[in-house]
Amino acid sequence: MRFGFDIDDTLINLREHAFHIYNKKLNQSISLEIFNELKTVEIHEAFGLTSEQGGHMWNSLLEEIYFTTCPSFEGAVELLNELQKEGHEIFYITSRPKNYCPRTRQWVVEQGFPVVDANFYCGMQDDEKIHIIKELKLDYYFDDKPAVLNTLTDIPTKIYVKDQSYNQHVNIPRVKSWVDFKLQ
């Protein structure tokens with residue numbers, strides 16, 4: 001079978017990692033309870049930043065956010081390695097900026113995820129992911145963003161949402177934990 005995965009906030013805990021960096025950079029101590037209540041993908045509101053200020057801060061910290069100690073979600077690396085070991089094809093489809101694609105692929109490899117270079121797609125807009133998913137004829141696809149998931153209706157691919165505070169309104173099968181995940 002062919003499995004497709006978004007990376008950020010699907011396989012790795014990027015937003016929470018960024019949240020800790022924001023706390024440090026802004027010399028604040030906003031609690032994870034506040035983070036876990038956010039109803040948006042963006043995290044700037046928790047720090048009292050405007051959308052413009054938040055966008056500027058995010059962009060100024062991309063290197064640190066993307067390529068330092070961001071942890072994968074528990075069980076994600078093991079699950080993908082097991083899927084590959086069983087003979088399934090693994091595809092990564094991330095909308096990280098194009099200029100970060102080679103480093104992102106290398107970083108994902110360094111984290112222990114199984115990566116075949118030809119199966120690594122990067123640099124598209126969120127609403128362009130559907131074209132890749134259709135072209136690849138994926139059997140399963142996993143993502144966290146409602147903006148992406150909303151484009152994936154009426155396709156034969158089985159879609160799953162990685163459970164996050166900002167996607168509770170999405171009514172499709174959820175992955176709450178990669179450790180406990182079972183295909184439906």
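The values are calculated or read from the model by the stated rules, or taken from the named source; none is laboratory data. Predicted model, so just to flag it, every value in this text is computed and none were measured. Here the Cβ is made from the backbone with ideal geometry for all residues, glycine too, and neighbour counts use every protein chain on show. Heads up: the accessible areas ignore ligands, DNA and RNA and are worked out on the full protein's heavy atoms, side chains in. Shrake-Rupley method; radii C 1.70, N 1.55, O 1.52, S 1.80 Å.
Which residue, of 89, 78, 110, is among the acidic types (Asp, Glu) and open to solvent by less than 80 Å² (accessible area, probe 1.4 Å)?
From the options 89, 78, 110, the qualifying one is 89.
What are the pairs with Cβ atoms under 8 angstrom where one residue, in the range 21-39, is free of Cβ contacts under 8 Å to residues at least 40 places away in the same chain and the other, located anywhere, is exposed (fewer than 11 other Cβ atoms within 10 Å of the Cβ) and part of a loop (DSSP other than H, G, I, E, B)? Sequence gap at least six, or different chains.
23/29
Could you check the range 1-13 and list, in sequence order, the residues that are touching a Phe, Trp or Tyr at 6+ places or on another chain (Cβ under 8 Å) and not aromatic (Phe, Trp, Tyr)?
1, 2, 4, 6, 7, 10, 11, 12, 13
Out of 50, 69, which single residue is in contact (Cβ under 8 Å) with a residue 12 or more places away in the chain and either β-branched (Val, Ile, Thr) or within 24 Å of residue 130 (Cα to Cα) (or both)?
69
So, residue 4, is that one part of a helix (DSSP H, G or I) and open to solvent by less than 50 Å² (accessible area, probe 1.4 Å) or not?
no
Just to be sure I understand, how many residues within the range 133-142 are of a type outside the set (Val, Ile, Thr), open to solvent by less than 30 Å² (accessible area, probe 1.4 Å) and under 16 Å from residue 10 (Cβ atoms)? Step through it out loud before you land on a result.
Just the residues of the range 133-142 that are of a type outside the set (Val, Ile, Thr), to begin with: 134-142.
Adding the requirement that they be open to solvent by less than 30 Å² (accessible area, probe 1.4 Å) leaves 136, 138, 141-142.
Then drop every residue that is not under 16 Å from residue 10 (Cβ atoms), which leaves 138, 141-142.
Final tally of qualifying residues: 3.
Of the residues 141, 121, 160, only one is assigned to a strand (DSSP E or B) and in contact (Cβ under 8 Å) with a residue 40 or more places away in the chain; which?
141
Going by what's in this entry, would residue 78 be described as closer than 23 Å to residue 161 by Cα and assigned to a helix (DSSP H, G or I)? Quick ask: steps written out before the conclusion?
Working: closer than 23 Å to residue 161 by Cα: yes; assigned to a helix (DSSP H, G or I): yes.
Yes: the conditions hold for residue 78.
Which is among the β-branched types (Val, Ile, Thr), surrounded by fewer than 17 Cβ atoms within 10 Å (Cβ to Cβ) and touching a residue at least 24 places away in the same chain (Cβ under 8 Å), of 130, 155, 172?
Exactly one residue qualifies, and that residue is 155.
How many of the residues making up the range 13-55 are open to solvent by less than 40 Å² (accessible area, probe 1.4 Å) and part of a helix (DSSP H, G or I)?
Residues flagged as open to solvent by less than 40 Å² (accessible area, probe 1.4 Å) and part of a helix (DSSP H, G or I) within the range 13-55 amount to 14.
Among 96, 105, which is open to solvent by 20 Å² or more (accessible area, probe 1.4 Å) and under 18 Å from residue 12 (Cα atoms)?
Step by step, each of 96, 105 is checked, and only 105 is open to solvent by 20 Å² or more (accessible area, probe 1.4 Å) and under 18 Å from residue 12 (Cα atoms).
Rundown of residues vs (1) modelled with pLDDT of 95 or more; (2) not aromatic (Phe, Trp, Tyr), yes/no style:
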{"residue": "92", "(1), (2)": "yes, no"}
{"residue": "108", "(1), (2)": "yes, yes"}
{"residue": "111", "(1), (2)": "yes, yes"}
{"residue": "142", "(1), (2)": "yes, no"}
{"residue": "147", "(1), (2)": "no, yes"}
